[in-house]
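Each remark here refers to the structure printed beneath this line.
No value in this document is a laboratory result; all are computed from the given coordinates. Here the structure is a predicted model, which means the values were calculated and not measured. Cβ placement follows ideal geometry from the backbone for every residue including glycine, while neighbour counts extend to all protein chains displayed.
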Amino acid sequence: MTTSLGRLVRPGAREEHRGAATPPRPATPPPATAPGPAAPRPARPADRVRPAGAGRRIAADGAAAVVLILVTPLCLLQAPNAIAWALDSAGGVAASPQASTAVLRAAGLALPAMAAMAGIAALAVLRLRAWPVLLAGLLIMAAGDALGGSARTVAAIGVVRVLHGVAAGLALPATVALAWDRGPRPRRWLAALWSVAAVAGLAAAPAVARARLTTGGWPAALAPYPWLTGAGLTVAALYAVLAAVPGRRGPDGTRARRGRQDATQERAQLAVLAVPGVGLAALSVAVTYRPPAALLATGAVAVLILYGVAAVASADRLVGGPLCFPFLAAVTGLVVAPAAGAVTSLRALSPAASGGQSWLPLGLTVAATVAGVAAALALRRRPKVVVLAGLLIAVEGLAAARLAGPYVPVLVLAGVSAPLAGGLAAALTAALADAGMASALSGVSLLLAGLMTGYLASGAVQVRMVTQLAPGGAVQAAAERAGERLALAAALGVWELAGLFSVLIAIGVTFLTGWARRTRAPAR
């Protein structure tokens, strides 16, 4: 006899019980129910109701995409000093050489104002939401457009251009912050749209500004795109209505989940990064029309300062991002627009170049930008490979442009310009996809600082090259103009080499930053 659970069971009884047939249970009649309507069947997955507010969120995502497409190029189109191409038609305001210099200096205040305001706008976006800063910037730009039509003095021209610069410096950081306002799901493609608009805007700004002057005269430089400002303001106001949810950063509640300590450190880092932007802006205004040697030395110092600030920002844990987006943005601003502006000016000055066919290289450059962003999205699981490949393609484009020169046929010019824009767009997209909001804002601030530094340094090289020419007293005017074109072409070649080395430095910074983070990870 064995004992199991307090009961005495005969050996072999369990096996006999398993072999015995189980008697059937008596049938139980169903419980009587009162007559009435049948109970509703459980909802199938296809019958589930869409969450409340889903349509509003989709509409807000679409409005954010339209804002990125309209406002990002609008901000970058304010950078070129387009009035320099229309001084001959300026009349009494630029009647003398001294007056022309004053007009040029006043009209060039927009870019320093953009660079100085971008860091402050980044802090405001981080503290508030994107749409209040965006609306403030677009309202100021509309005010500048309204005043630009009646500006006929040097002081009025300076005020209008400062308003345009402040507006662009406020609105551009807010555009990239819209991607983080919309939550993690639409963030990737909104960031990709911003990369397309930013690189295409940098490449197209000089050519579009010059074309605008040919149709509207020199006052068009002071109120260049009022219809684009109005469209952007309308869509931004619509977005503000759709996305205004109190107390939340976006649909994913980013503000609520972000650590208080990290938020404080992010604001502190962005405040530190705002100081170099203001300093570089003041430096660029102070050295305008100084002697060529001083201007060249200032440009070199500004480039070194930009490299140092961008490298420190990229190495930071909070504002750097995993793939050094701040440094890549600074190099993009430094290289693209000054080189595109120099090519546009030289082809306009050359009697052999055809101005009517200049849109073909620009169209192919924009197409290459879209293709680079699409490649980055397709290879989103290998972002580091995309960044390095994009930078190498940009190096190839700069080397080809240096060898070809600015006076090549249109198709050749398109072939050497497209790789630079496409490669940098792919690198920016891959780096921005894995960056945080503070990293994106610091990158936009450094992009504008790099844009201003690029114009300053490339202009210094041009002035140095032109002043090395022989005095034109005994030289015929045609020969003097030909010599100036050769000097400007040589300056463009020097700047393309400088851009090539800048992209190579970006590759080195990306490698070194990744290696440093991998070595610090085991210690933590």
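Key figures
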{"item": "Rounded if a/c under 1.5, otherwise prolate or oblate - region 97-143, Cα gyration tensor axes", "result": "oblate"}
{"item": "Residues Tyr289, Tyr307, Tyr239, Tyr455, sorted so that the one with the fewest Cβ neighbours within 10 Å comes first", "result": "Tyr289, Tyr307, Tyr455, Tyr239"}
{"item": "Prolate/oblate/rounded call for region 261-524, Cα gyration tensor, a/c under 1.5 rounded", "result": "oblate"}
{"item": "Surface/4 estimate of mean projected area, convex hull on alpha-carbon atoms of region 54-252, nm²", "result": "10.6"}
{"item": "Around Leu328: net Lys/Arg minus Asp/Glu count, Cβ-Cβ under 13 Å", "result": "0"}
{"item": "Cα Rg, Dmax, region 372-429, angstrom units", "result": "12.4, 41"}
{"item": "Ranked packing of 401-413, 202-214, 434-446, 265-277, most packed first, by mean Cβ within 10 Å", "result": "434-446, 202-214, 265-277, 401-413"}
{"item": "FRET efficiency, Thr101 to Leu360 (Cβ-Cβ, R0 22 Å, nearest 0.05)", "result": "0.05"}
{"item": "Stretch gain in nm, segment Ala374-Gln265, where the contour uses 0.36 nm per residue and the Cα spacing is subtracted", "result": "35.9 nm"}
{"item": "Electrostatic dipole magnitude of region 54-252 [Cβ: Lys, Arg +1; Asp, Glu -1; Cα centre; debye, to 20]", "result": "540"}
{"item": "Ranked list, fewest to most other Cβ atoms within 10 Å of each Cβ, for Trp189, Trp218", "result": "Trp189, Trp218"}
{"item": "Extension gain from Leu392 to Val494, taking 0.36 nm per residue of separation minus the Cα-Cα distance", "result": "34.8 nm"}
{"item": "Sum of side-chain charges, Leu135 neighbourhood, beta-carbon under 15 Å (Lys, Arg +1; Asp, Glu -1)", "result": "0"}
{"item": "Point-to-point label distance, Val301-Val275, nm (Cα→Cβ direction, 7 Å offset)", "result": "1.7"}
{"item": "Residue order, fewest to most beta carbons within 10 Å, for Arg105, Arg317", "result": "Arg317, Arg105"}
{"item": "Residue-count net charge about Ala60 - beta-carbon cut-off 9 Å; Lys, Arg +1, Asp, Glu -1", "result": "+1"}
